[in-house]
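Some notes on the structure that comes next.
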């Protein structure tokens, strides 16, 4: 069943005072409730709302900036030191670049659409976080000093297997990310919020060739990163990522890139030249 596009924040009915319970006033031009400080989100005769509404955009950008400080959970669980763990923003940047480059020369793909979708792919994690596919309670202990015998081996074996998110965890992740997007988009003027919400829903539903391409590119970038981490430490349990891309990366351009990554000499990969 296709899910409806991510909704923009519902408009509450203002009380008789003309302000709602949060002190926001209704803006007649947009049908959105804003504070006086937020008036720049609404186009007006004085030009205060020129372009996209600077106040709301500034808030939106500050919130999504959390992605630069949000480490990718799977690498931390695999023992990558926090200082060396990529952020969600790191991953998103290379995924977008990878997808845009791999779509070159493909008349069946709109490269601009690919780029926009790739930029939106992990945006909700600014609010929803980066939960792993497995239940953290199922992850064996790290085997630090004082741990039970065999903990480290059990943890490694667990992480080397491909972990598929259960239906329950899929539903929870999707609900959390939909709520996160609704919250994030509330800072933008309705036209921009509607556009971004529709693009995000397109991506989540795999509704277009570009959306499906980006989802595969996301997995491929993670595989590339896993190779770099293993090059730095051959004991790193990352075999599950090779198994994943072998199954899910089916686009011919991305499959060719996957195979090139697999053949690539990885000594020193992931380090500065």
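Residue 163 - would you say it is in contact with a helix residue (DSSP H, G or I) (Cβ under 9 Å, 6 or more places away or on another chain), surrounded by fewer than 20 Cβ atoms within 10 Å (Cβ to Cβ) and either part of a loop (DSSP other than H, G, I, E, B) or at negative phi (or both)?
Against the criterion (in contact with a helix residue (DSSP H, G or I) (Cβ under 9 Å, 6 or more places away or on another chain), surrounded by fewer than 20 Cβ atoms within 10 Å (Cβ to Cβ) and either part of a loop (DSSP other than H, G, I, E, B) or at negative phi (or both)), residue 163 qualifies.
Does residue 112 satisfy the criteria of being more than 14 Å from the chain's Cα centre (by Cα), crowded, with 17+ Cβ neighbours inside 10 Å and at pLDDT 95 or above?
Judged against the criteria, residue 112 is not a match.
Could you list, in sequence order, all residues of the stretch 170-190 that are closer than 26 Å to residue 238 by Cα and modelled with pLDDT under 95?
Across the stretch 170-190, the qualifying residue is only 170.
Take residue 193 and decide whether it is farther than 17 Å from residue 92 by Cα, at pLDDT 95 or above, more than 15 Å from the chain's Cα centre (by Cα) and buried (at least 22 other Cβ atoms within 10 Å of the Cβ).
Spelling it out, residue 193 is indeed farther than 17 Å from residue 92 by Cα, at pLDDT 95 or above, more than 15 Å from the chain's Cα centre (by Cα) and buried (at least 22 other Cβ atoms within 10 Å of the Cβ).
Quick one: would you say residue 143 is at positive phi and buried (at least 17 other Cβ atoms within 10 Å of the Cβ)?
So residue 143 passes the test.
Please name all residue pairs, on different chains or six or more residues apart, with Cβ atoms under 6 Å, provided the first residue is in the stretch 192-221 and is on the phi < 0 side of the Ramachandran plot and free of Cβ contacts under 8 Å to residues at least 60 places away in the same chain and the second residue is surrounded by 21 or more Cβ atoms within 10 Å (Cβ to Cβ) and in a helix (DSSP H, G or I).
Every condition considered, the pairs that remain are 216/254; 219/245.
Which residues, counting only those in the stretch 75-88, are surrounded by fewer than 20 Cβ atoms within 10 Å (Cβ to Cβ) and part of a helix (DSSP H, G or I)?
Answer for the stretch 75-88, where residues must be surrounded by fewer than 20 Cβ atoms within 10 Å (Cβ to Cβ) and part of a helix (DSSP H, G or I): 76, 77, 82, 83, 84.
Any residue in the stretch 119-133 that is assigned to a helix (DSSP H, G or I), at pLDDT 95 or above and over 21 Å from residue 59 (Cα atoms)?
Within the stretch 119-133, not a single residue is assigned to a helix (DSSP H, G or I), at pLDDT 95 or above and over 21 Å from residue 59 (Cα atoms).
Would you check which residues across the stretch 196-237 are crowded, with 22+ Cβ neighbours inside 10 Å and not in a helix (DSSP H, G or I) and list them?
none
The values are calculated or read from the model by the stated rules, or taken from the named source; none is laboratory data. Please read all numbers here as calculations on a predicted model, not as lab measurements. Cβ atoms come from the backbone with ideal geometry, glycine included; neighbour counts cover every protein chain shown.
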